[in-house]
1. For the subset of the range B:85-94 comprising residues that are surrounded by fewer than 18 Cβ atoms within 10 Å (Cβ to Cβ) and in contact with a Ser or Thr (Cβ under 9 Å, 6 or more places away or on another chain), which member is nearest to the other protein chains (Cβ to nearest Cβ)?
2. Kindly provide the set of residues from the range A:333-357 that are surrounded by 10 or more Cβ atoms within 10 Å (Cβ to Cβ), free of Cβ contacts under 8 Å to residues at least 60 places away in the same chain and of a type outside the set (D, E, K, R), ordered by number.
3. Here are B:Val42, B:Val15, B:Val4, B:Val11: which of them is of a type outside the set (S, T, N, Q), part of a strand (DSSP E or B) and at pLDDT 95 or above?
4. Using the structure shown, decide if B:Arg308 is surrounded by fewer than 17 Cβ atoms within 10 Å (Cβ to Cβ) and either in contact with an Asp or Glu (Cβ under 9 Å, 6 or more places away or on another chain) or within 21 Å of B:Thr379 (Cβ to Cβ) (or both).
5. Could you count how many residues in the range B:209-221 are surrounded by fewer than 14 Cβ atoms within 10 Å (Cβ to Cβ), within 7 Å of another protein chain (Cβ to nearest Cβ) and either hydrophobic (A, V, I, L, M, F, W, C) or over 28 Å from the mean Cα position of the chain (by Cα) (or both)?
6. Could you pull out every one of the helices (runs of 4 or more DSSP H) wholly within the range B:322-397 that has 1 or more residues that are assigned by TED's automatic domain parsing to the domain that holds B:Val273?
7. Cβ contacts < 6 Å: first residue within 14 Å of chain B (Cβ to nearest Cβ) and more than 30 Å from A:Ile106 (Cβ to Cβ), restricted to the range A:21-50; second residue surrounded by fewer than 24 Cβ atoms within 10 Å (Cβ to Cβ) and among the charged types (D, E, K, R), any location; separation 6+ or different chain. Result?
8. Identify the single condition in (1) away from every other protein chain (no Cβ under 14 Å); (2) hydroxyl-bearing (Ser, Thr, Tyr); (3) free of Cβ contacts under 8 Å to residues at least 60 places away in the same chain that A:Thr82 does not satisfy, given that it satisfies every other one.
Amino acid sequence: MVEINPRTLDDVPATSYSDHATTAIKTGTWKYVQPVYEDKLPACSHRCPAGNDISRFLYLTAKGDLLEAARWIRRGNPLPATLGRVCPHPCEDECNRGPLGGAIAIHMMERFLGDQGAAEELLPERAPATGKRVAVVGAGPAGIAAAYNLALRGHEVEVLDDKPEPGGFLRTGIPQYRLPREVLDREIALVERCGVRFVPDTRVGRDVSLDELRERFDAVLVAIGFHGSRPLGVPGEDHEHVYNGVRLLERILAGERPELPPRMAVVGGGNTAMDVARSLRRIGVEPVVVYRRSRMEMPAIPTEVDEALAEGIEMVFLTAPKRVVIEGGRITGLECVKMRLGEPDESGRRRPVPVEGSEHVVPVSGIVTAIGETAELDMLPEPLRDGWRVAHDARFATPLEGVFTAGDVATGEGTVTAAVGTGRRAAAVIDAFLRGEALPEEAPRVQVLWGRQVRLDTVVHVEQLNLAYHKEAPRPGIEELDPAVRVRDFSEVVRSFTAERAIEEARRCLECGTCNECLNCLWFCPDVAIHKRSGFGFDIDEEHCKGCGICVEECPRDALTLVEVER
Amino acid sequence: MRKVIKGNGAVAHGVRLARAQVISAYPITPQTSIIEELASMVAEGELDARFIKVESEHSAMAGCIAASSAGARAFTATSAQGLALMHELIHWAAGARLPIVLANVNRAMAPGWSIWTDQNDSLSQRDTGWMQVYCESSQEVVDSVIQAFKVSERVLLPTIVVLDAFFLSHTYEDVEIPEQELVDGFLPPLELPQKLDLEHPAALGNLVFPDRYMEFRRKMELAQQHALGVWEEVGREWGELTGRPYGLLEEYRTDGAELVLVCAATAASTARVVVDRMRDAGIPVGLVRLRVFRPFPADAFRAVLGGRRKVLVLDRNCSFGHHGIFHQEIKSALFELPAAEQPEIRGVIAGLGGRDITPEDIEDMLTRAWEGRLEEATTWWDVLPAEDPVRAASVRS
């Protein structure tokens, strides 16, 4: 610093300046509001039943750090490769990128990242052993998710299942063309490597009692899913060529090729109906889907319906079965009645009403029922049975001390993703229980389990974004095997993204509510009060930030919040 | 090269020849075609400059201040409401001693909404520390823009080059456009003594306590006074290069004139015709055209007007509450003359909001001045009479 002490005007500079930095002026004292870095909940994650931290794994992917992204997605979710293939991805309905070129293909990204990495690279850190033991009943998605999370928290976990191999409905109910078995096997093997022990061919209530499990283990989780099938309730359905869809699918998927009639009616409009019809098509049977409402009301994932139609599967809508037509001991058709849609029922869908005199026969020689699955609770003790579900409170705790529940048998949401989510949440409660901590009033939200600071009470929708920074960019196409080729066998229909495509797609992500170090805040700060940390993120120089809020305004993704300064 | 161009085009050519490096501007009628032409020159590669599109005139000037602080030759153009919106930063630019050049197309201030010419917009910036030059022709516009950069960069004060809306901005005339080589020889690249430097960070325009503030203002005033000589010197030098010399003001047929009309801008062209006509009729009238208004050439006015019988000042502006602005200033300059040399001085306010000032108007006002029939110190010309002054002054009848 030069001491300026001019004697004449000649020595006075033309204008005021200081060769000191402006830091001498503590502009921070002016502020009554100040910015804070505060990640918020992106609309996609808000809707994810499994609680995936989507913006974060896309951020890591966009950076090209595929392994770290793959590790991140496996924090708490053991089945990303599976979910990416089978989830109806409600996240994409909410994606703020939607109006700017189409939603991010989040399911394709989850699938891609789920397929990345070798087992040893992906093994997460386990908490120190607690010495506590948990029995999980049911090796489906809920049970696997709970077991994985409990094992990572240091507990010893055994998963009992009455099937010879773990996976539950993923193995018995989802065809290989949607979920190749090597994908499922790889994910289950990873869970095993985390210390989870799978015990096959063991049915609770037959091979072991629940009481016995309660004695041998510190906690028990009941996650047995829906495996029962509803009857059609029409005359003739006890004929040998009227099949239970869930059972028939299980046999076909296990590799059996039973002698089946050449043309079969598949009754129902859900995913099981689609899976049965498409699987039948692949083993040379001609299916015809019979559904009592219209296409719009079908509970099946819309893309599954599209794919089925592309495979040439016939569907008749607004048609309900009335009687199996049997002539000479053989089925010759399914007598149906036409329906029309009446007033909405309790599900919000319009109730089908029979049209009088519209009886007709759909010519088929076999019938498969796929009108919804239910729980089979007979082998559980009385206090656990509550209608179609296992009795439980908001913490997934059943009336029996130390017994918890998760998955379809608890909530009946009917998707693999929801099952994974409830498994994670129940695991968090069981962990607290095993550690002797006070149980929360409610199981934590699935997004709470991320392990990064996110403000969960604020969901970032498109209005919160600074759209000046987001240009339109089109969603990439998703490649499928040609329908004529794919119906020949059970090869996977949808092709994975290449790494290049995945990184490109991740870069389309707006990173709603999620700081991705774009540096806008730093460049815009008029007081140079924002400094990049050596690690992730920024520090705000409180002495000089004068609370102008420009950084908050210019943040493209609402990852900064202006808060009042307390004085 | 001779070309038939508009006054606005003349501004653009002047800026191009001066090799402005940053143009930061916002469009406003009647200025728009200036920056359109400049934008096109930048786009076509005829001018190697950054053209910054901004969302307001305030930002336009902020852009110029930033560019100039970093040592770049900066230019902007505006009119009326745009110039008024810049006002805060107009002060800043001068106080920061930045040699920015601004072309202002004189347009009347609203309301009532007007796009036509008068001088109240530029004269409202009188006390900001900027220099001001009023141009009569497109030729003078080209020449003055180039000179303005030179003078500004010598004295470290910004300049407003002023031209009349439509009468000059949008009329075509024959203009000699100087060669680039000539201008390059006249106007060297900008080298500021003090500018932003990433290697040596400094804070500009920081807080100054009462024990120093006045010194900075005194230096600004000294720079303005110094600039009078610089404008004369630069105008002479330009004359030597081009055959078109410029001074602080311009005299026309003042020899032997007992009544001198003072006016500025395009009205002076009209006045020349009238002066010729009246001289031929034997009336001893002359014309002084005000060119450089800030710094105010008080000595030059005293020299040319001292000892005349009468002076009539034609203002296309008004300082509401006290005369036209040129009238005020000239009167105050002449007050320093010995009593015997002080002429009788009258003012006329005419042509506000773009109303025509015709040769007949000027002849009529000169005749009345000569015959002593301008009773008031200031006469509003060609305006409806007020029967009951109180009622006439009220908002509504």
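The values are calculated or read from the model by the stated rules, or taken from the named source; none is laboratory data. Everything numeric in this text was worked out from a predicted model, so none of it was measured. Cβ coordinates were reconstructed from backbone atoms using ideal geometry, including for glycine residues, and neighbour counts include every protein chain displayed.
1. As a first pass, look at the range B:85-94 and keep what is surrounded by fewer than 18 Cβ atoms within 10 Å (Cβ to Cβ): B:87-88, B:91.
If we keep only those that are in contact with a Ser or Thr (Cβ under 9 Å, 6 or more places away or on another chain) too, we end up with B:87, B:91.
Values: B:His87: 19, B:His91: 12 Å.
If we take residues in the range B:85-94 being surrounded by fewer than 18 Cβ atoms within 10 Å (Cβ to Cβ) and in contact with a Ser or Thr (Cβ under 9 Å, 6 or more places away or on another chain), then B:His91 is nearest to the other protein chains (Cβ to nearest Cβ).
2. Start the filter on the range A:333-357 by keeping residues that are surrounded by 10 or more Cβ atoms within 10 Å (Cβ to Cβ), which leaves A:333-342, A:344-345, A:349-355.
Imposing the further condition that a residue be free of Cβ contacts under 8 Å to residues at least 60 places away in the same chain reduces the set to A:333, A:335-342, A:344-345, A:349-351, A:353-355.
Of everything in the range A:333-357, those that are surrounded by 10 or more Cβ atoms within 10 Å (Cβ to Cβ), free of Cβ contacts under 8 Å to residues at least 60 places away in the same chain and of a type outside the set (D, E, K, R) turn out to be A:Gly333, A:Cys336, A:Val337, A:Met339, A:Leu341, A:Gly342, A:Pro344, A:Val353, A:Pro354, A:Val355.
3. Being of a type outside the set (S, T, N, Q), part of a strand (DSSP E or B) and at pLDDT 95 or above holds for just one of B:Val42, B:Val15, B:Val4, B:Val11, which is B:Val4.
4. Criteria not met by B:Arg308.
5. 0
6. B:325-334, B:359-370
7. A:Lys26/A:Glu543; A:Thr27/A:Asp527; A:Thr27/A:Lys546; A:Trp30/A:Lys546
8. (3)
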